[in-house]
Amino acid sequence: MTLQIKRGDSGEHMVWNDAVLDHVDGHCFDPAWWRERNGLLGEAQGRGAAYFLQGMGGHEWVLRHNRRGGALARINHDRFLYTGVERARPVRELRLLADLQARDLPVPTPIAARVVPGLGSYRGDVITRRILDAEPLAERLARQAVPSTAWQNLGAVLARFHRVGLWHADLNARNVLIDAQDDFYLIDFDKARLRTPGKWRQANLERFHRSLAKFRDASLAFNFLDADWSALRGGYVSASAL
């Protein structure tokens with residue numbers, strides 16, 4: 001897999017995975033274009049709305065438009081400072097996914113990205129392959145508990161990411177997917193990056209724990225126990241020692 005890049009006639013930059021696509025055009029990042037062709041399968045709302053697409057080769061894709069969070073989003077919801085195409089968030093995310101996939105880590109396959117510069121800023125979009133038969137861990141736990149072995153497996157998966165230096169900027173129970181076999185995947189690598197070992201690893205785990213605790217505090221039916229976290233920690237420590 002090699003990521004190709006080109007600049008369109010309108011000045012937008014597009015990057016694509018040449019193992020999946022021969023080329024990419026701007027309309028690929030327009031939900032309305034997919035809707036007109038019955039290729040828009042659905043969408044998930046939130047700060048970074050996601051559109052589910054019927055992609056090539058029978059695979060489903062996920063299209064995300066980069067959006068800001070926090071108070072700044074009230075006046076600027078999707079523009080970012082432009083300092084070059086390679087430093088733009090969509091391109092960095094696509095290249096990071098390609099790197100992580102080459103290391104055999106459970107991440108979505110990168111498909112394409114777009115950067116649209118203008119007046120010192122840019123807007124951006126990312127397309128990845130959808131992980132089928134998987135759902136956010138938060139949704140699974142809202143319905144049912146997962147076994148201790150699954151929590152141990154999740155801890156081992158997080159340790160694998162940390163061993164290669166992956167810092168996930170938004171590690172929460174919605175950005176961890178679980179499939180029918182209780183295998184886990186991480187998604188949404190916007191702002192994620194590779195770092196040297198440090199205290200950030202523990203901080204990353206604590207962030208994930210706060211996310212799970214927040215869901216539990218919001219609903220007594222949420223299936224997350226202290227024993228589950230202990231199992232996750234055990235799996236993490238065991239995998240970290242490898």
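The values are calculated or read from the model by the stated rules, or taken from the named source; none is laboratory data. On a predicted model such as this, the values are computed, not experimentally measured, just so you know. Cβ: placed from backbone, ideal geometry, glycine included. Neighbour counts: every protein chain shown.
Worth pointing out:
- Any hit, the stretch 140-147, residues being under 22 Å from Thr109 (Cβ atoms) and either at pLDDT 95 or above or of a type in the set (Ser, Thr, Tyr) (or both): no
- Filtered residues of the stretch 129-144 (kept if surrounded by fewer than 18 Cβ atoms within 10 Å (Cβ to Cβ) and part of a helix (DSSP H, G or I)): Glu139, Ala142, Arg143
- Candidate set from the stretch 20-52 (those that are more than 16 Å from Glu93 (Cβ to Cβ) and in contact with a Gly (Cβ under 7 Å, 6 or more places away or on another chain)); member that is surrounded by the most Cβ atoms within 10 Å (Cβ to Cβ): Phe52
- Test for Asp170: is it outside the structural domain of Leu97 (by TED's automatic domain parsing), at positive phi and either surrounded by 15 or more Cβ atoms within 10 Å (Cβ to Cβ) or of a type in the set (Phe, Trp, Tyr) (or both): no
- Test result for Val85, in contact with a helix residue (DSSP H, G or I) (Cβ under 8 Å, 6 or more places away or on another chain) and within 28 Å of Lys214 (Cβ to Cβ): no
- Hits in the stretch 53-69 (condition: touching a strand residue (DSSP E or B) at 6+ places or on another chain (Cβ under 9 Å), surrounded by fewer than 18 Cβ atoms within 10 Å (Cβ to Cβ) and either of a type in the set (Phe, Trp, Tyr) or within 29 Å of Leu81 (Cβ to Cβ) (or both)): Arg68
- Unique residue being in a strand (DSSP E or B), of a type outside the set (S, T, N, Q) and in contact with a Pro (Cβ under 6 Å, 6 or more places away or on another chain) when the list is Val116, Val126: Val126
- Count of residues meeting criterion [more than 23 Å from Val237 (Cβ to Cβ), surrounded by fewer than 15 Cβ atoms within 10 Å (Cβ to Cβ) and at pLDDT 95 or above] in the stretch 184-223: 6
- Residue in the stretch 175-183 that is touching a helix residue (DSSP H, G or I) at 6+ places or on another chain (Cβ under 7 Å) and either among the acidic types (Asp, Glu) or over 24 Å from Ala49 (Cβ atoms) (or both) present: yes
- When restricted to residues that are touching a Phe, Trp or Tyr at 6+ places or on another chain (Cβ under 7 Å) and outside any helix (DSSP H, G or I), the stretch 205-223 contains 1.
- Criterion applied to Arg160, Arg92, Arg123, Arg87 was being under 16 Å from the mean Cα position of the chain (by Cα) and among the basic types (Lys, Arg), and the one residue passing it is Arg92.
- Test: residue in the stretch 166-188 that is over 23 Å from Arg89 (Cα atoms), assigned to a helix (DSSP H, G or I) and out of contact with any Lys or Arg (no Cβ under 9 Å at 6 or more places or on another chain): no
- Neighbours by Cβ (under 7 Å, 6+ apart or cross-chain): first from the stretch 75-97, free of Cβ contacts under 8 Å to residues at least 12 places away in the same chain; second surrounded by fewer than 20 Cβ atoms within 10 Å (Cβ to Cβ): Asn76/Arg68; His77/Arg67; His77/Arg68
- Hits in the stretch 62-82 - residues which are outside any strand (DSSP E or B), over 19 Å from the mean Cα position of the chain (by Cα) and either at pLDDT 85 or above or not assigned by TED's automatic domain parsing to the domain that holds Arg7 (or both): Arg79, Tyr82
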